[in-house]
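To start, the structure itself, in structure tokens.
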Amino acid sequence: MNVVKREKVYTIDDIYALPDGERAELIDGQIYYMSPPGWTHQKISMLLSREISFYIDKNHGECEVLAAPFAVFLSEDGINYLEPDISVICDKSKLDEKGCHGAPDWVIEIVSPTSKPRDYVKKMLKYGTAGVREYWIVDPDKKTVTVYSFENSTVEQYEFGTDVPVGIYEEFSIRVQ
């Protein structure tokens, strides 16, 4: 007789029950603990958030730019809870005090050595199937930005120091240094 061990399926309630200060994401019922971001990560996050916010404000845009920690509930299934490094949400009806309910328009993840498999595979698939229009993976180790345009079914990779076009906004690009 074969015995199959079942993995525990965690829910958003388990995320909310974590001790204060402990951060984790929930993907398909599995908890992924997150270590505090480093200086390079935070610097890139701040620079990108500032540039995006400035562009939106300058053009009288309606989208919100929110940096982690900020909850994104891609679905109402109770087993997925993400905290993208940067979320751009244009439909403000998706927002409440708990987070974003539904897919942001644009998500940026700044990878660390421990988050690479999650960011490049699991999250990319989640974001793509949930309706995120554009997904950027900023990789400080490789000095690259990988841009997934789910609307156009394209993937492009850019080196740090080159202009990266923003697909959800015409005539806007960002140079990641």
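If you go through segment 156-177 and pick out every residue that is closer than 22 Å to Ala103 by Cα and exposed (fewer than 11 other Cβ atoms within 10 Å of the Cβ), you end up with 1.
Filtered by the rule that a residue be touching a Leu at 6+ places or on another chain (Cβ under 9 Å) and of a type in the set (S, T, N, Q), segment 109-149 gives a lone residue, Thr129.
Out of Ile89, Ile31, one residue alone is more than 20 Å from Tyr148 (Cα to Cα), β-branched (Val, Ile, Thr) and without any contact (Cβ under 8 Å) to a residue 60 or more places away in the chain. It is Ile31.
Within segment 105-129, residues that are touching a residue at least 12 places away in the same chain (Cβ under 8 Å) sit with their Cβ atoms under 8 Å from residues that are in a loop (DSSP other than H, G, I, E, B) and polar (S, T, N, Q), at 6+ positions apart or across chains, in these pairs: Glu109/Ser115; Ser112/Ser35; Thr114/Ser35; Lys126/Asn80. Across segment 1-19, the number of residues qualifying as modelled with pLDDT of 90 or more and assigned to a loop (DSSP other than H, G, I, E, B) comes to 6.
When Lys92, Lys98, Lys122 are screened for being among the basic types (Lys, Arg), surrounded by fewer than 19 Cβ atoms within 10 Å (Cβ to Cβ) and under 12 Å from the mean Cα position of the chain (by Cα), only Lys122 passes. Restricting segment 6-16 to residues that are within 22 Å of the chain's Cα centre (by Cα) and loosely packed, with under 12 Cβ neighbours inside 10 Å leaves a set whose member that is nearest to Pro69 (Cα to Cα) is Tyr16.
Yes or no, residue by residue, for (1) under 25 Å from Pro36 (Cβ atoms); (2) among the aliphatic types (A, V, I, L, M); (3) more than 14 Å from the chain's Cα centre (by Cα):
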{"site": "Val111", "(1), (2), (3)": "yes, yes, no"}
{"site": "Lys126", "(1), (2), (3)": "yes, no, no"}
{"site": "Arg133", "(1), (2), (3)": "no, no, no"}
{"site": "Pro140", "(1), (2), (3)": "yes, no, yes"}
{"site": "Thr162", "(1), (2), (3)": "no, no, yes"}
{"site": "Val166", "(1), (2), (3)": "no, yes, yes"}
{"site": "Glu171", "(1), (2), (3)": "no, no, yes"}
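Any idea how many residues of segment 168-177 are assigned to a loop (DSSP other than H, G, I, E, B) and either among the β-branched types (Val, Ile, Thr) or under 15 Å from Leu48 (Cα atoms) (or both)? Here the count works out to 5. Every test in (1) under 13 Å from Arg118 (Cβ atoms); (2) in contact with a helix residue (DSSP H, G or I) (Cβ under 7 Å, 6 or more places away or on another chain) is passed by Gln30 save one, and that test is (2).
The values are calculated or read from the model by the stated rules, or taken from the named source; none is laboratory data. Keep in mind the model is a prediction, meaning the values are calculated, not measured. FYI the Cβ positions are ideal-geometry reconstructions off the backbone, even for glycines, and counts take in every protein chain you see.
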